[in-house]
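Encoded as structure tokens, the structure appears first; notes follow it.
Each value in this text was obtained by applying a stated rule to the coordinates, not by laboratory testing. Values in this document were obtained by computation on a predicted structure and should not be read as measured data. A quick note on method: Cβ atoms are made from the backbone with ideal geometry, for glycine too, and the neighbour counts reach across all protein chains shown.
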Amino acid sequence: MHSTTSSRMSFWTFFVLAFLSLAAAASGVWTFEDAQAVVAAKGGKADAYKFSPTKPVKGAITLGSRDILKVSLTVKEGSQAGRPHQAFLLAQEPESKVETFFPLSVKELSGKAKIDLSHKDLPAFLLTAPSLSLSLVLGSFGESAASIVTIGNIKPSLDPTAKALFEKQKQKDLGEGATVYKAKDEIRHIFRADPQSPPKIITLFFLLSVLAGLGGLFIVWFPILGGNLSHLPKALKAAPVSHPFFFASLLSLEGIFFMYYTQWNLFQTLAGMAVVGPVALFSGSRALREVRARREKGER
Amino acid sequence: MRLQPQLDMASRKAFLLFFVSLFVSWVSAAPLTGGRILAVIEERSDNAKYSQFLMDLRGRGYDVKLESAKKDTLALLEHGEKAWDHVILFPPKSKGYGPALTPQKLLDFTKLGGNILVLTSPSSIPEQIRELARELDIGLPPKDYTVVDHFNYDTVSKSEKHDVILATRPAVSSAVHNCFSGTQDDLIAFRGAGHTLGNGPLLVPILTAPRTAYAYDSKEDFAYAQDPWAAGTQMQLVSAMQARNNARITLVGSVDMFSNEFFNMKVQRPGSTESRKTANKEFCKDIAAWTFGEKGIVKVNAIRHYLSNEPNAPVNPNMYRIKNDVTFEIELSEYNIDRWAPFKVSSGDSLQLEFTMLDPYYRVPLLPASTSSNYTTYTTSFKIPDQHGVFAFRVNYKRPYLTYIDEKYSVTVRHFAHDEYTRSWDISGAWVWIAGIAVTITGWIGFCALWLWSAPVAAKAGLKKTE
């Protein structure tokens with residue numbers, strides 16, 4: 001907007017033009033040159049990295065715990081050296097975008113600016129990050145456009161004990177234990193394991209062996225030992241009421257137990273017992289008296 | 001008159017009806033959390049500077065009273081009750097606000113649920129506000145520290161100071177229901193002071209400074225910012241504290257933001273070619289609406305829990321059994337300026353139900369099941385843990401920008417009753433024992449029959465059958 005050319009070249013216009021072009025030089029873009037970053041180790045050699053607004057430092061600069069990163073550059077407003085109101089070095093953790101700033105000290109006339117950065121300048125949060133991105137912000141009042149330039153990455157290297165210490169500090173800085181209002185982790189109750197039955201085949205084997213025991217018992221009783229029911233007609237003749245009643249009451253007692261097992265409650269069971277019990281008692285005493293009579297007669 | 005008593009009655013009725021309807025419309029127009037606003041403004045003439053903002057509030061049904069902080073009868077509380085529902089504090093011309101607005105009184109006011117909108121400017125942050133901010137863990141800069149940004153300033157207002165900075169609304173986040181991230185390319189003009197926030201969960205940023213902004217002492221004539229007070233996105237321009245009782249205190253670093261001048265201003269970013277109108281009017285409306293409880297208010301309409309698998313299960317019983325399948329439902333509404341709307345949980349967030357006895361046994365997400373015109377039903381089902389005791393269904397939904405929900409309903413969880421266990425014949429391992437009993441019974445019956453009726457076979461074996 002300032003460098004318009006005119007065909008009428010009077011002295012006055014020439015003067016105005018000269019003034020405007022000067023102003024344009026002064027009010028260009030805030031930029032820098034002669035920039036370098038030096039990692040000065042204590043008592044050791046210094047590694048220098050050159051960079052410019054268009055060419056950031058390639059690769060990450062490793063910053064040890066005793067190293068100092070010295071960044072120096074010359075600030076230019078357009079093509080002239082100048083001092084901007086804002087000359088900050090920004091250090092950003094790329095993932096969370098958490099950023100801190102370090103004002104550069106700038107000489108007024110020469111525009112020479114420098115900043116020293118070491119571990120103790122960086123907060124624990126950034127120090128424990130794997131890598132930090134460094135940017136340079138230059139801006140000031142007036143017409144010149146401000147600029148923000150990425151100049152490279154640094155990698156703070158920490159020994160394990162220091163790292164643990166800084167991690168602790170970081171947690172403290174972040175408000176360790178302080179509540180954060182957000183969704184919490186999901187929890188699902190883990191149930192106790194259900195009781196397990198053994199494999200069916202084993203169960204069936206033992207089931208069959210139990211049933212076989214009953215079969216064995218009956219085999220021993222009847223064919224081998226000669227068990228029989230030959231006295232039944234005699235018994236029924238001698239005590240025609242009490243024998244069937246006694247045996248029926250024995251069966252119904254077992255029936256009551258079965259009903260209790262499957263569906264009855266205790267009161268129904270007790271009622272059933274109250275009915276069947278006396279029958280069993282009285283018919284049983286008669287029936288057994290008849291059995292004794294047979295024994296006394298020598299029939300048994 | 002006496003000749004027409006009928007007509008007189010009719011007109012009287014009409015008159016009454018008119019007033020009743022007027023009253024009804026006035027009542028329904030009153031905002032949700034009460035409409036009495038006290039605006040503390042020193043000079044009546046300043047009223048004109050903020051007339052659009054104040055008119056907007058009046059248009060939404062608020063009864064805005066302008067009072068001077070110096071007025072003797074000014075009081076936030078009356079007989080232990082709030083005399084106002086909301087307070088707007090404009091920066092005073094003099095050093096402080098006077099005895100009616102001490103930090104203690106302001107906090108007492110919020111304890112009763114009153115909302116406060118604090119507007120400050122770099123040159124006027126009274127000591128009362130500093131003390132209040134200290135209590136809230138908000139860091140305020142010293143006097144005259146102004147925020148500037150050489151990247152996002154307004155070029156139209158021709159300010160050499162670059163102090164009318166153009167901020168953008170907070171980014172839309174999937175995790176946070178942010179009431180302030182409206183139209184994303186809105187430009188909000190801001191001229192004032194920044195502040196920093198502590199780590200508390202009750203504090204929320206509303207407008208964050210751009211990355212390249214910084215605060216410096218505008219009265220000291222430093223050639224360059226050697227020691228800025230704060231810079232970058234760690235600095236806030238507008239922030240709020242929502243207390244545990246859902247009372248809100250919003251701190252704005254720029255009173256100019258709310259002025260007619262900024263509402264109507266056309267602004268332009270450096271490097272851009274066209275100038276645009278600021279979105280201050282909408283943003284300030286959002287700030288006021290949120291602070292005074294017209295936005296970000298979430299209400300629980302109903303809570304239901306019942307057995308999942310039974311069609312006629314009673315709703316909200318007092319007792320469940322362990323391992324019951326239970327369904328829990330909650331109906332949530334969100335207030336939006338003038339009506340209740342269905343509340344929608346952000347996609348990256350989760351509304352969670354806890355089933356707790358001392359510790360949560362379950363923390364499961366509640367998912368939207370149905371939506372009506374003014375509420376959403378969130379539901380989940382789970383199996384009650386195998387632990388008896390007194391449990392509670394708890395929905396503890398506390399998120400920034402929203403009123404806190406903490407609902408807790410206790411139920412007893414009992415053990416299996418004796419007739420609710422699996423029957424033994426259904427357990428294959430028990431078959432052997434059941435068979436054992438059956439064998440014993442059969443054997444016993446057989447033995448009884450033999451005892452009663454067996455004849456000796458002495459000739460054959462020489463033994464009595466049953467000895």
Q: Read phi for every residue in the range B:141-157 and hand back ³J(HN,Hα) as whole Hz from Karplus 6.51 cos²θ - 1.76 cosθ + 1.60, θ = phi - 60°, with x for Gly and Pro.
A: x, x, 4, 6, 7, 10, 8, 10, 8, 7, 9, 10, 10, 8, 8, 6, 6
Q: Taking amide H positions as placed in the peptide plane 1.01 Å from N, state which residues far from B:ARG321 in sequence (5 or more) or on other chains have amide H under 5 Å from it.
A: B:ARG414
Q: List, in order, the whole-Hz ³J(HN,Hα) value for each residue of the range B:279-287 obtained from phi through the Karplus relation with A = 6.51, B = -1.76, C = 1.60 and θ = phi - 60°; use x for Gly and Pro.
A: 9, 4, 4, 5, 5, 5, 5, 4, 4
Q: Just order A:52-65, A:235-248 by mean Cβ neighbour count inside 10 Å, highest at the front, would you?
A: A:235-248, A:52-65
Q | Phi-based couplings in Hz for the range B:169-174 (Karplus 6.51, -1.76, 1.60; Gly and Pro marked x) | A | 4, x, 5, 5, 10, 6
**Q.** Share, in percent, of DSSP beta bridges within the protein assembly as shown that are antiparallel, nearest 5
**A.** 85
**Q.** Projected label distance in nm at A:ALA41 and B:SER347, using a 7 Å step from Cα toward the beta-carbon
**A.** 5.0
**Q.** For A:PHE32, distant residues with modelled amide H under 5 Å away
**A.** A:LYS76
Q. What ratio of Cα Rg to 2.2 N^0.38 Å holds for chain B?
A. 1.57
Q) So if we plug the beta-carbon distance of B:LYS277 and A:GLU95 into 1/(1 + (r/R0)^6) with R0 = 51 Å, what FRET efficiency do we get, rounded to 0.05? A) 0.90
**Q.** Shielding of A:138-149 by partner chains, average beta-carbon count, 10 Å
**A.** 4
Q | In nm, spacing of pseudo-spin labels at B:MET357 and A:MET259 (7 Å Cα→C-beta vector) | A | 3.9
Q) Hey, got the average number of other protein chain Cβ atoms within 10 angstrom for residues in A:85-91? A) 5
Q: Can you grab the distance from the C-alpha centre of the range B:377-407 to the C-alpha centre of the range A:243-300, Å, no decimals?
A: 60
Q) Which net charge results for the neighbourhood of B:ASN374, defined as the other residues with beta-carbon distances under 13 angstrom from its beta-carbon, given Lys and Arg at +1 and Asp and Glu at -1? A) 0
(Q) Only counting other Cβ atoms within 10 Å, I'd like A:VAL180, A:VAL39 sorted with the fewest neighbours first. (A) A:VAL180, A:VAL39
Q: Note the count of lysine pairs whose C-alpha atoms are less than 20 angstrom apart in the range B:154-290, limited to pairs 8 or more residues apart or on different chains.
A: 9
Q. Are any of the pairs B:LYS111/B:LYS344; B:LYS95/B:LYS143; A:LYS76/A:LYS107; B:LYS70/B:LYS93 more than 18 Å apart by Cα-Cα distance, and if so, which?
A. B:LYS111/B:LYS344
**Q.** Cα→Cβ-extended label distance, 7 Å offset, between B:ALA313 and A:ALA212, nm
**A.** 4.9
Q) Between B:VAL300 and B:THR73, what FRET efficiency comes out of the Förster formula 1/(1 + (r/R0)^6) with R0 = 35 Å and r the beta carbon distance, rounded to 0.05? A) 0.30
Q. Just in the range B:378-444: which trypsin sites (Lys or Arg not before Pro) are loop by DSSP and have at most 10 other Cβ atoms within 10 Å?
A. B:ARG423
Q.
If R₀ is 22 angstrom, what is the calculated FRET efficiency for the pair B:ALA430 and B:ASP386, using the beta carbon separation as r and rounding to 0.05?
A. 0.55
Q) Can you give the average number of partner chain beta-carbon atoms within 10 Å of each beta-carbon in peptide A:228-236, as a whole number? A) 4
Q: Relative to the longest principal axis of the C-alpha atoms of chain A, give the angle of the C-alpha long axis of helix A:200-219, reported between 0 and 90° and rounded to the nearest 10°.
A: 10
